[in-house]
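Inspection log for the structure reproduced underneath, given as structure tokens.
The values are calculated or read from the model by the stated rules, or taken from the named source; none is laboratory data. Here the structure is a predicted model, which means the values were calculated and not measured. As a convention, Cβ positions derive from the backbone with ideal geometry for all residues, glycine included, and neighbour counts pool all protein chains shown.
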Amino acid sequence: MPDQPPVLIKPIPPQVVNEGAAFGPINLNDFIHPSEEDKSPLQFLAELSDGQALSQGLICTESGTLGGIPAIGTEGFYEIIIHAKSASGAELKTELKLTVKERISMLEGHQYFTDLKSKIWEALGANSPLPEIESLLDRPLTLVEVYYLIQRFATITIWDVHNLDLPGDNVKLQLEDASPHFQIYDRGSCLVGAPTDLFSHERTLEDALQTARVMSREAYKRGWTVELTGFNKMVRASWVEIQILAHKHGKPLEVLHYEPTEADQKLYQAEEQARQRSGKGA
């Protein structure tokens with residue numbers, strides 16, 4: 001009997017990251033498992049669909065960790081082929097779609113601090129009084145800086161619309177595939193996802209999106225009619241996950257007060273196509 005290849009447990013969802021921002025790390029072992037006949041650890045390799053190496057700044061280790069920081073100038077859409085090989089040599093290939101967006105510009109704030117630092121060093125070199133930093137405290141935040149803070153402190157709430165009770169006590173949930181960097185609470189009339197540590201540098205955008213997906217699956221299982229509130233990217237991930245579940249199980253879940261954009265529809269179509277190609281269409 002020929003050796004059985006590794007098994008794709010679930011498709012790797014499309015990923016989005018900005019140039020210069022941390023991507024992942026994604027543990028490929030969460031998506032691909034050894035076959036029943038061969039339980040030895042898998043060896044992984046990732047390359048672009050045309051056979052070229054991953055874009056600058058990204059790496060994939062043999063043990064299955066995919067991540068890095070996309071270099072400036074790597075903006076674009078990439079189809080990455082993941083190779084998973086068992087000890088016996090049997091191989092599985094699967095696809096990961098990665099969109100690298102242009103680096104978020106914070107030139108205004110960066111220039112302000114660059115100029116201030118230069119003046120401080122000049123004053124120290126000339127043994128003259130340091131410049132006043134009162135303007136630093138009065139300087140208004142830019143929209144980009146505000147959005148950065150919102151993303152770092154991202155939360156999402158999924159409301160059970162027909163439950164008119166006030167939110168109750170926090171009951172922590174342990175849900176499958178939940179990110180360890182987020183806590184998920186059941187408050188009776190809603191589910192709430194919030195960062196475990198607000199100031200953690202290990203938490204990534206993918207942790208936030210995965211939390212939204214996991215919470216959506218829980219709300220779908222409960223059969224709620226839902227309303228989504230919170231960080232826009234988490235809300236979008238939640239809406240897309242609900243559409244995928246509706247297609248998979250043939251039972252829609254009503255989402256109130258949310259108008260999907262063209263980008264939402266494209267993201268849903270891309271994820272659904274990836275799921276169907278993996279043989280999990282319905």
Check: Only one of (1) in contact (Cβ under 8 Å) with a residue 24 or more places away in the chain; (2) in contact with a His (Cβ under 8 Å, 6 or more places away or on another chain) is not met by T229, so which one is it?
Finding: (2)
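Name every residue in region 35-48 that is more than 17 Å from P70 (Cβ to Cβ) and at pLDDT 90 or above, in order of residue number.
Within region 35-48, the first condition is being more than 17 Å from P70 (Cβ to Cβ), and the residues that meet it are 35-45.
Of everything in region 35-48, those that are more than 17 Å from P70 (Cβ to Cβ) and at pLDDT 90 or above turn out to be L42, Q43, F44, L45.
Out of all the residues in region 240-252, is one or more outside any loop (DSSP other than H, G, I, E, B) and among the polar types (S, T, N, Q)?
Looking for residues that are outside any loop (DSSP other than H, G, I, E, B) and among the polar types (S, T, N, Q), one finds at least one in region 240-252, hence yes.
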Next item on the list: Scan (1) modelled with pLDDT under 85; (2) in a loop (DSSP other than H, G, I, E, B) for the single condition Q151 breaks and write down its number.
Entry: (2)
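Regarding region 25-45, can at least one residue be identified that is in contact with a Cys (Cβ under 8 Å, 6 or more places away or on another chain) and farther than 26 Å from R152 by Cα?
Kept after step one, since they are in contact with a Cys (Cβ under 8 Å, 6 or more places away or on another chain), are these residues of region 25-45: 28, 44-45.
From what's left, farther than 26 Å from R152 by Cα: 44-45.
Checked against the condition, which is being in contact with a Cys (Cβ under 8 Å, 6 or more places away or on another chain) and farther than 26 Å from R152 by Cα, region 25-45 yields at least one hit.
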Next item on the list: Taking D50 as the residue in question, decide whether it is more than 23 Å from A178 (Cα to Cα), surrounded by fewer than 19 Cβ atoms within 10 Å (Cβ to Cβ) and in contact with a Ser or Thr (Cβ under 7 Å, 6 or more places away or on another chain).
Entry: no
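Taking the options S179, S238, name whichever one is in contact (Cβ under 8 Å) with a residue 12 or more places away in the chain, touching a strand residue (DSSP E or B) at 6+ places or on another chain (Cβ under 6 Å), of a type outside the set (V, I, T) and closer than 30 Å to E19 by Cα. Give the derivation first.
Details: S179 fails: touching a strand residue (DSSP E or B) at 6+ places or on another chain (Cβ under 6 Å).
When all the criteria are applied, what remains is S238.
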Notebook entry, point to check: Exactly one of (1) at pLDDT 95 or above; (2) assigned to a loop (DSSP other than H, G, I, E, B); (3) under 21 Å from the mean Cα position of the chain (by Cα) is unmet by A219. Its number?
Noted result: (2)
Next item on the list: Determine whether E202 is under 21 Å from I26 (Cβ atoms) and in a helix (DSSP H, G or I).
Entry: no
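May I ask you to list the residues in region 10-30 that are in a loop (DSSP other than H, G, I, E, B), within 16 Å of E79 (Cβ to Cβ) and not β-branched (V, I, T)?
So in region 10-30, the residues in a loop (DSSP other than H, G, I, E, B) come out as 10-14, 19-22.
After this cut, where a residue has to be within 16 Å of E79 (Cβ to Cβ) as well, the list is 11-14.
Within region 10-30, P11, P13, P14 meet the criteria.
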Margin query: Suppose we filter region 161-211 for residues that are crowded, with 16+ Cβ neighbours inside 10 Å, among the β-branched types (V, I, T) and out of contact with any Leu (no Cβ under 6 Å at 6 or more places or on another chain); how many remain?
Written below: 3
